[in-house]
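*Asks:* Provided herewith is a single structure, encoded as structure tokens, for subsequent inquiry.
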Amino acid sequence: MLLLVLLFLFFLLLRKIEMINTREKLRIITGLKNHLEMDNLQEVIQIEYDETLKQIVKQEAELNNSLEELKEYKKELELTYDSLLSKSTQLEYSNQFLEKRVANLSNLNSISRSVLSIFELDKIINIILDAYFVLTGAKRISLYLWDEEGNLLNKKIKGSIRFQGTVSYSPELLKKFGKTEYERIYQELGKGFTVLKDEELIISPLSVNQEEMGVIYIIEDKDKMIDIDEEMMSALGIQIGTAIKNARAYYELLSNERISQELAVASRIQNRILPQDIHSVDGLQIAKYFKPAKEIGGDYYDYGMLRDEIFFITIADVSGKGVPAAFLMALGRSVLKTLMEMKQGCPSQEMQELNQLIYGDITEEMFITMLHSKYDLKTRTLTFSNAGHNPLLVYKAAKDVIELHTVKGVALGFLENYAYREASLEIEKGDIVVFYTDGITEAENMNSELFGIERLKEVVYNNKGRSAEKIKEAILDEIIAFREEREQVDDITFVILKSKK
């Protein structure tokens, strides 16, 4: 548009200067070209020249301004282009980042399903450590787990790592530690790893619901470390912690089930070795009761006929409860039965020999209390020896009184060559003899009060006219009523004899 205007003005001027010579024309054109002011022209030419020059200068100034604006606009376009290019690159990177994150999440989901369906700890560890190499830039990995004794032990290494340090604390002290203390432990242990200048050591604790499972040490190249690797390492750490916790819980459950099954078998065996039901022997009524506090117990009773019209009754209590007590009880029973079959001695002699035979097999914290007796059906005399057990509770019908009969003696397993003593008691018509363990007298109620010997005396006395079986039921009813909601904490065992002639 500007060029058209200038041409138009130029041609108008040429028409007006036809009467002047060529040299003058050139001088005028040169003056306009160089923006020179001229004052020696013809009047008409002078006016047109000045106006034309003015318009040319003005138009040129406007043109220059437009060119500057175009330059600025060009710069803005270039900046906009660069910005769009940068944002395009960022979007492309973000898209790749998101695609990688989605892929990792998909892989993580697959790993989760895999490890949560596996309960073998070694397989779980192998799967997840392999995932570290696939999903992150890990070069070397070392996994440590806490054991029940408070030891932080190396369980698996992937890659070339020679360091396998250990850390040990008492379980009681570890229970007092918080997140800060565990982080300090992991940092100190991490100092043992060899890390090159271009590498970085990443410490990833394994914890589930504030329970410390262990720690993973990951070594990878610094220039390959990106934020998404840290996210994935954290996610994998959660997965391996959860999987390990589930595996341990599963093994514990299996172990408990196995133990329960074994205890059930042991309980059946224990019940089978107890004597067969004998309700009476030559006018002597017999009632018995045995209930361990756990699946199997340390209480023991036995009775039966021996040669020469001798009926034996034995009751014992092993210190402690559960499997160890049951083993010791079985040992004592077997040895005593063998002695009775082979030697046919008196209760005190058999007790002494039993003590000598099992003394070496009893640990310092265990012992057996026992009351061992023999009843002569001819003389109606009960001869007994006591190794630290509860006294016999005896109701004498002729005197209508409850008495306690015992003889001093230490528990089996205390003194190797201890000489046991014995005493005798004549059983008359209506008399009642109760052999019992401290599971009765030390039964507790909700106020932590003991059932005690006096209550047992009272129950027996109040039911003296009833059969041995009914007296047993009365004792059990009284214990249950006394204990209320309090659970049974000790084995309860007793044998009742009542003479009917």
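*Asks:* Which residues, counting only those in the stretch 429-466, are assigned to a loop (DSSP other than H, G, I, E, B) and either touching a strand residue (DSSP E or B) at 6+ places or on another chain (Cβ under 6 Å) or open to solvent by 80 Å² or more (accessible area, probe 1.4 Å) (or both)?
*Replies:* 429, 431, 437, 442, 446, 447, 449, 464, 466, listed by residue number.
*Asks:* Show the residue pairs that are 6+ apart or on different chains and have beta-carbon atoms under 6 Å apart, the first residue being within the stretch 350-366 and in the same structural domain as residue 317 (by the TED database) and open to solvent by 80 Å² or more (accessible area, probe 1.4 Å), the second being part of a helix (DSSP H, G or I) and aliphatic (A, V, I, L, M).
*Replies:* Note: pairs meeting the criteria are 357/335.
*Asks:* Are there any pairs, at least 6 apart or on different chains, whose C-beta atoms fall under 7 Å, with the first in the stretch 149-172 and in the same structural domain as residue 206 (by the TED database) and the second crowded, with 16+ Cβ neighbours inside 10 Å and among the polar types (S, T, N, Q), and if so, which?
*Replies:* 154/142; 157/142; 161/142; 164/154
*Asks:* Okay, moving on. Out of 330, 326, report the one residue that is in contact (Cβ under 8 Å) with a residue 40 or more places away in the chain, over 28 Å from residue 284 (Cα atoms) and part of a helix (DSSP H, G or I).
*Replies:* 326
*Asks:* If you go through the stretch 295-320, how many residues are surrounded by fewer than 16 Cβ atoms within 10 Å (Cβ to Cβ) and in a loop (DSSP other than H, G, I, E, B)?
*Replies:* Result for the stretch 295-320: 4.
*Asks:* Just checking, which of 419, 398 is surrounded by fewer than 16 Cβ atoms within 10 Å (Cβ to Cβ), of a type in the set (A, V, I, L, M, F, W, C) and in contact with an Asp or Glu (Cβ under 9 Å, 6 or more places away or on another chain)?
*Replies:* Step by step, each of 419, 398 is checked, and only 398 is surrounded by fewer than 16 Cβ atoms within 10 Å (Cβ to Cβ), of a type in the set (A, V, I, L, M, F, W, C) and in contact with an Asp or Glu (Cβ under 9 Å, 6 or more places away or on another chain).
One line per residue, one yes/no per condition, for (1) over 28 Å from residue 465 (Cα atoms); (2) hydrophobic (A, V, I, L, M, F, W, C); (3) at pLDDT below 95:
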position: 318; (1), (2), (3): yes, yes, yes
position: 337; (1), (2), (3): yes, no, yes
position: 345; (1), (2), (3): yes, no, yes
position: 349; (1), (2), (3): yes, no, yes
position: 366; (1), (2), (3): yes, yes, yes
position: 392; (1), (2), (3): no, yes, no
position: 400; (1), (2), (3): no, no, no
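*Asks:* Check residue 325 against each of (1) touching a Phe, Trp or Tyr at 6+ places or on another chain (Cβ under 9 Å); (2) modelled with pLDDT under 85; (3) open to solvent by less than 10 Å² (accessible area, probe 1.4 Å) and name the one condition it does not meet.
*Replies:* For residue 325, the failing item is (1).
*Asks:* To continue, here is another question. I'd like the full set of residues that are closer than 14 Å to residue 434 by Cα and surrounded by 13 or more Cβ atoms within 10 Å (Cβ to Cβ), limited to the stretch 401-416.
*Replies:* Hits for the stretch 401-416 are 402, 403, 405, 406.
*Asks:* Sticking with this one: Mind checking which residues of the stretch 191-208 are part of a loop (DSSP other than H, G, I, E, B) and surrounded by 16 or more Cβ atoms within 10 Å (Cβ to Cβ)?
*Replies:* Of everything in the stretch 191-208, just one residue is part of a loop (DSSP other than H, G, I, E, B) and surrounded by 16 or more Cβ atoms within 10 Å (Cβ to Cβ), namely 193.
*Asks:* Condition first: in contact with an Asp or Glu (Cβ under 6 Å, 6 or more places away or on another chain) and β-branched (Val, Ile, Thr). Can you find one or more residues in the stretch 470-491 that meet it?
*Replies:* no
*Asks:* May I pose another question? Restricting attention to the stretch 475-494, does a residue exist that is over 48 Å from the mean Cα position of the chain (by Cα) and either in a loop (DSSP other than H, G, I, E, B) or outside the structural domain of residue 304 (by the TED database) (or both)?
*Replies:* Looking through the stretch 475-494, none of the residues is over 48 Å from the mean Cα position of the chain (by Cα) and either in a loop (DSSP other than H, G, I, E, B) or outside the structural domain of residue 304 (by the TED database) (or both).
*Asks:* Something else now. List, please: which pairs have Cβ atoms under 6 Å, are six or more places apart or on different chains, and start with a residue in the stretch 203-218 that is on the phi < 0 side of the Ramachandran plot and end with one that is of a type in the set (Lys, Arg)?
*Replies:* Close Cβ pairs satisfying both conditions: 208/245.
*Asks:* For the stretch 367-377, enumerate the residues that are more than 48 Å from the chain's Cα centre (by Cα) and either buried (at least 18 other Cβ atoms within 10 Å of the Cβ) or not hydrophobic (A, V, I, L, M, F, W, C) (or both).
*Replies:* 373, 374, 375, 376
The values are calculated or read from the model by the stated rules, or taken from the named source; none is laboratory data. Since the structure is predicted, the reported quantities are computational estimates derived from the model, not experimental observations. We place every Cβ from the backbone using ideal geometry, glycine too, and count neighbours over all the protein chains shown. Please note that ligands, DNA and RNA were not included when accessible areas were found on the heavy atoms of the full protein model with its side chains. Shrake-Rupley method; radii C 1.70, N 1.55, O 1.52, S 1.80 Å.
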